[in-house]
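A short worksheet on the structure shown next.
The values are calculated or read from the model by the stated rules, or taken from the named source; none is laboratory data. Small disclaimer: the values here were computed from a predicted structure and weren't measured. Positions of Cβ are generated from backbone atoms using ideal geometry, with glycine treated the same way; all protein chains shown enter the neighbour counts.
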Amino acid sequence: MKKRLATCAIATAVLLSASMAAWPQSSQEAAGRLGSEVPLFNGKSLSGWEYFLVDEDAKMEDVWSVEDGVLVCKGEPAGYLYTENDYENFKLVVEWRWPEEPGNSGVLMRIMPGPVMLPSSVEAQLKSGDAGNMYGFQDFKISGDEARLSEIGLPGWALAKIEGNENPPGEWNRYEITVDGDTITLILNGKMVNEATDCDVRPGRIGLQSEGGVIHFRTVALTPLGGE
């Protein structure tokens with residue numbers, strides 16, 4: 001009897017292992033780490049990231065580097081870093097600052113990577129003075145309060161922030177972004193500044209833009225939610 005039980009246990013483990021191996025990587029992460037924070041930036045290297053730059057001759061290290069545990073983006077040439085893996089439902093913490101003249105950048109989510117500066121995705125704006133605004137690029141659908149919603153020419157949509165809550169240039173800011181089904185919520189330095197509804201739901205990459213200004217990131221961390 002014990003021998004038969006042991007044989008069954010081994011067979012079950014083999015089947016489970018084979019089933020997990022067939023899952024997409026993002027599903028494995030969600031199943032294994034649901035509710036646990038996953039650092040997308042490890043403070044040491046650009047491991048786990050890929051990139052796109054409008055200058056085809058430029059390399060990742062021409063724009064992005066790690067210095068004293070901080071991810072440094074020079075801002076030129078334009079483009080974006082993006083994760084190797086796809087993520088659909090998650091809480092994302094991003095901390096950033098403008099160490100020099102304030103500039104422009106953004107957090108891209110549910111990206112379908114392509115050879116364009118603004119790929120099909122939803123953006124949480126980082127541009128100094130505009131943090132909290134949201135955009136849906138290349139027909140990525142977002143909606144919300146009609147008084148704050150407008151069309152953009154990519155084509156896509158812009159959803160203006162409810163109110164701002166940025167720290168002065170030079171100081172660190174903190175986004176807590178919840179992407180849960182068709183709803184995306186932005187909390188900036190502890191205050192809810194925007195919420196989009198009826199968003200496109202799909203797995204995609206997470207990206208950080210290079211868009212003309214030197215910007216520092218010290219935290220990029222994700223907690224998977226259910227529904228992957």
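Filtered by the rule that a residue be in contact with a helix residue (DSSP H, G or I) (Cβ under 6 Å, 6 or more places away or on another chain) and part of a strand (DSSP E or B), the range 116-175 gives a lone residue, L159. Looking across D62, D55, one residue alone is assigned to a loop (DSSP other than H, G, I, E, B), at pLDDT 95 or above and either over 23 Å from W172 (Cβ atoms) or of a type in the set (S, T, Y) (or both). It is D55.
Out of curiosity, is Q138 at pLDDT 95 or above, polar (S, T, N, Q), surrounded by fewer than 16 Cβ atoms within 10 Å (Cβ to Cβ) and within 30 Å of S65 (Cα to Cα)? Yes.
Taking the conditions (1) surrounded by 15 or more Cβ atoms within 10 Å (Cβ to Cβ); (2) at pLDDT 95 or above; (3) within 16 Å of the chain's Cα centre (by Cα) in turn, A30 satisfies each one other than (2). Restricting V107, V93 to residues that are farther than 20 Å from S120 by Cα, in contact (Cβ under 8 Å) with a residue 24 or more places away in the chain and aliphatic (A, V, I, L, M) narrows the list to V93. Taking the criterion of being touching a Leu at 6+ places or on another chain (Cβ under 8 Å), of a type outside the set (S, T, N, Q) and buried (at least 19 other Cβ atoms within 10 Å of the Cβ), the residues of the range 173-201 that qualify are Y175, I177, V179, V193, A196. Does G153 satisfy the criteria of being more than 18 Å from the chain's Cα centre (by Cα) and either crowded, with 22+ Cβ neighbours inside 10 Å or without any contact (Cβ under 8 Å) to a residue 12 or more places away in the chain (or both)? So G153 fits the description; yes. When L159 is tested against (1) buried (at least 20 other Cβ atoms within 10 Å of the Cβ); (2) within 22 Å of G79 (Cβ to Cβ); (3) over 17 Å from the mean Cα position of the chain (by Cα), exactly one condition is not met: (2).
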